[in-house]
Amino acid sequence: MNKLYIEGDKKLNGHVLISGAKNAALPILFMTILAKEKIEINNVPQVTDIKIAIKLLKYLGAKIKSKNKILYIDTSSINVYYPPYHLTKKIRASIWMLSPLLIRFGKAKIFFPGGCDIGCRPIDLHLKGLIALGVKIVKKDNYIIAFAQKPLKGKNIYIEKISVGATITIMSAATLAEGLTIIENAAQEPEIIDVAKFLNTLGANITGAGSDKIYIVGISNLHGGYHKVIPDRIETGTFLIAAAISKGFIICSKTEPKYLTNVLTKLSESGANIKIGKDWIKLDMKEKRPRAVNISTSPYPGFPTDMQPQFTLLNSISQGKSIIIENIFENRFAYIHELIRMGAKIKIKKNHVVCKGVSQLSSNHLFSNDLRGSATLILAGCVAKGITVVNNIHHVKRGYESFIKKLNKLGANIKHI
Ligand code: EPZ
């Protein structure tokens with residue numbers, strides 16, 4: 001059942017409900033370790049990475065129940081500071097257990113998280129930030145042990161490279177440190193704003209999240225609370241591309257248009273007719289073939305790297321030539337070899353690709369390699385000529401809730417084999 005059988009030549013039209021953001025829910029789940037009271041988290045997407053995060057929290061001793069997409073979490077009985085290798089290695093997000101476990105127990109033992117297929121995913125910036133706050137780090141071959149004489153001391157920390165992960169690690173450690181921490185050159189992604197909002201709901205004192213300078217005034221402990229996770233901007237962008245490549249129309253609701261300004265600008269440039277409301281986005285291609293658009297990924301509010309594969313697919317069937325530059329991850333073009341096997345005219349040159357649009361791709365037997373690449377290959381199969389088979393679709397289940405069901409509701413014809 002790890003293969004999909006996809007009928008091509010489909011128009012993808014209709015209405016899709018956007019789920020909660022995986023990349024906000026994951027750090028928020030691990031931040032619950034910082035509190036010892038009951039927490040309720042709403043709009044958590046049911047995806048594999050979340051299921052693994054829940055397994056990790058239960059292993060540490062947390063009690064978790066879920067009902068109607070709300071997670072009821074009680075971390076009062078967490079009593080383990082060393083998550084198991086077999087679960088830690090499965091998700092990159094497991095690094096976000098380091099700082100909460102360290103703060104709670106004064107020590108933590110964490111295996112280096114799974115790099116994934118888009119790059120080596122180092123954690124040096126996470127560790128530098130913690131060391132600046134007074135943490136002692138001992139590196140072993142495939143794990144680290146961290147110690148902190150309680151409590152940490154607030155500091156001014158400049159993160160030398162913009163990093164979502166490191167910003168969240170340092171922000172969470174500073175939450176219960178003594179005094180003021182200022183994080184400079186902080187990542188500005190909406191998911192960071194959501195993590196800060198969640199911590200503030202539990203009693204933290206964080207301001208400036210979403211800008212490049214975050215202020216954290218340390219407090220002594222956190223209480224329980226309720227939080228609703230923000231919508232997933234990358235799922236939204238992926239479905240907008242689904243309609244754009246099939247010259248169709250779509251309404252994405254329960255989303256947040258202001259997180260997608262850059263993506264919507266590029267879609268309009270490609271010829272899409274875009275309308276937005278409070279929590280919805282409508283895209284209509286009016287049967288027109290898209291025009292190719294140049295893309296260069298950068299940290300938020302720049303063009304999101306997590307939308308690079310989807311836009312390369314758009315460009316591969318658009319009118320004209322385009323250049324796509326990937327500035328964040330060093331190996332995020334694996335899916336392109338599969339698009340070329342479908343007839344796409346793409347040349348890879350180090351960290352950028354040159355794409356010449358063709359009128360239609362042809363079906364093939366494809367192999368997906370990572371989360372956003374596999375979503376892209378599935379979309380390619382929906383519009384290619386003939387029947388496409390995509391293998392290794394466990395990747396797409398990591399980050400898209402009911403992706404196949406939502407696509408079939410839009411007119412796709414995709415079956416699990
Ligand atoms: C988060 O990854 C997201 N993952 C990624 O989404 C997203 O692409 C990325 O942020 C955007 O920057 C989750 O939230 C679970 P980074 P993260 O730290 O935190 C380098 C998806 O498809 N770096 O911002 O790992 C790093 O190698 C995923 O949903 C260091 O050098 O990304 C990369 O080149 C893919 N040292 C760059 O910084 C460090 O200590 C940005 O990484 C940390 C990062």
Determine the pairs where a residue that is over 21 Å from residue 167 (Cα atoms) and assigned to a helix (DSSP H, G or I), located within segment 81-101, has a partner that is of a type in the set (D, E, K, R) and open to solvent by 10 Å² or more (accessible area, probe 1.4 Å) with Cβ atoms under 6 Å apart, the partner being 6 or more residues away or on another chain.
-> 87/55
Which members of segment 15-31 meet the condition of being farther than 25 Å from residue 63 by Cβ, open to solvent by less than 10 Å² (accessible area, probe 1.4 Å) and in a strand (DSSP E or B)?
-> 16
For residue 66, which of the numbered conditions (1) open to solvent by 30 Å² or more (accessible area, probe 1.4 Å); (2) at pLDDT 95 or above; (3) not in a loop (DSSP other than H, G, I, E, B) fails to hold?
-> (2)
If you go through 274, 250, 234, 241, the only one that is touching an Asp or Glu at 6+ places or on another chain (Cβ under 9 Å), part of a helix (DSSP H, G or I), over 30 Å from residue 76 (Cα atoms) and of a type in the set (A, V, I, L, M) is 234
Considering only residues that are in a loop (DSSP other than H, G, I, E, B) and under 19 Å from residue 31 (Cβ atoms), look in segment 102-114 and name the one that is nearest to the ligand (Cβ to nearest atom).
-> 113
Failed criterion for residue 354 (all others in (1) in a strand (DSSP E or B); (2) in contact (Cβ under 8 Å) with a residue 60 or more places away in the chain hold) | (2)
Could you check segment 128-216 for strands (runs of 3 or more DSSP E) lying wholly inside it with 1 or more residues that are in contact (Cβ under 8 Å) with a residue 24 or more places away in the chain, closer than 20 Å to residue 104 by Cβ and within 16 Å of the ligand (Cβ to nearest atom)?
-> 143-147
Looking only at segment 1-18, count how many residues are at pLDDT 95 or above and touching a helix residue (DSSP H, G or I) at 6+ places or on another chain (Cβ under 6 Å).
-> 5
Out of (1) in contact (Cβ under 8 Å) with a residue 60 or more places away in the chain; (2) crowded, with 21+ Cβ neighbours inside 10 Å, the one residue 48 does not meet is (2)
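The values are calculated or read from the model by the stated rules, or taken from the named source; none is laboratory data. Computed from a predicted model, the values in this text were never measured in an experiment. Positions of Cβ are backbone-derived with ideal geometry, glycine not excepted, and every protein chain shown enters the neighbour counts. Quick note on the areas: whole protein, heavy atoms, side chains included, nothing else; ligands and nucleic acids left out. Shrake-Rupley method; radii C 1.70, N 1.55, O 1.52, S 1.80 Å.
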